[in-house]
Structures are given as structure tokens and as C-alpha cells.
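Report on the following structure.
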Amino acid sequence: MKLATLTDEKETIGTMEILGLTMDSRLVKPGYLFAALPGESADGADYIEAAIEEGAVAILTGLNVATDVM
């Protein structure tokens, strides 16, 4: 699915395609969206860099998540 179909940010997202979605950074594959959300035992935001290293092309976060990853 093209990410632009889900958002009004079409100019910044362009033709980015999402091939899958996971909340577990260990399951990220190239082209996936990583949902970095707080859980019962861990905060997904702590795993953003690992998800990007595994090929995540988009990150969904909660409010006030700061990261050096662009």
C-alpha cells in the first residue's frame, strides 16, 4: 500500500510503499512500517534505531518521541 493513501502528507511521503507492519522490532523486514508504541513491558520507541537498521521505511510513534534518526 502506498503510504500517501493514508495521509495528507503526500508531498513529503511521495511514493513510499509499505510492505508490512509490525510492533516488534525483531520482526521488521525491508519496507515495513514499525509501530513504535508503548506496551506493557517495553516502549517501542526504544527500538526505533534497530527497526530502521532492519529496513523499516516508516515509524509510527506516540506523542513526544525524540530520536536522532531522520
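List of remarks:
- Accessible area, probe 1.4 Å, largest first, for residues Y47, Y32: Y47, Y32
- T5 - accessible surface, heavy atoms, 1.4 Å probe, Å² rounded to 10: 100 Å²
The values are calculated or read from the model by the stated rules, or taken from the named source; none is laboratory data. Everything quoted here is computed from the prediction, not taken from an experiment. The accessibility values were calculated without ligands, DNA or RNA, using every heavy atom of the protein model including side chains. Shrake-Rupley method; radii C 1.70, N 1.55, O 1.52, S 1.80 Å.
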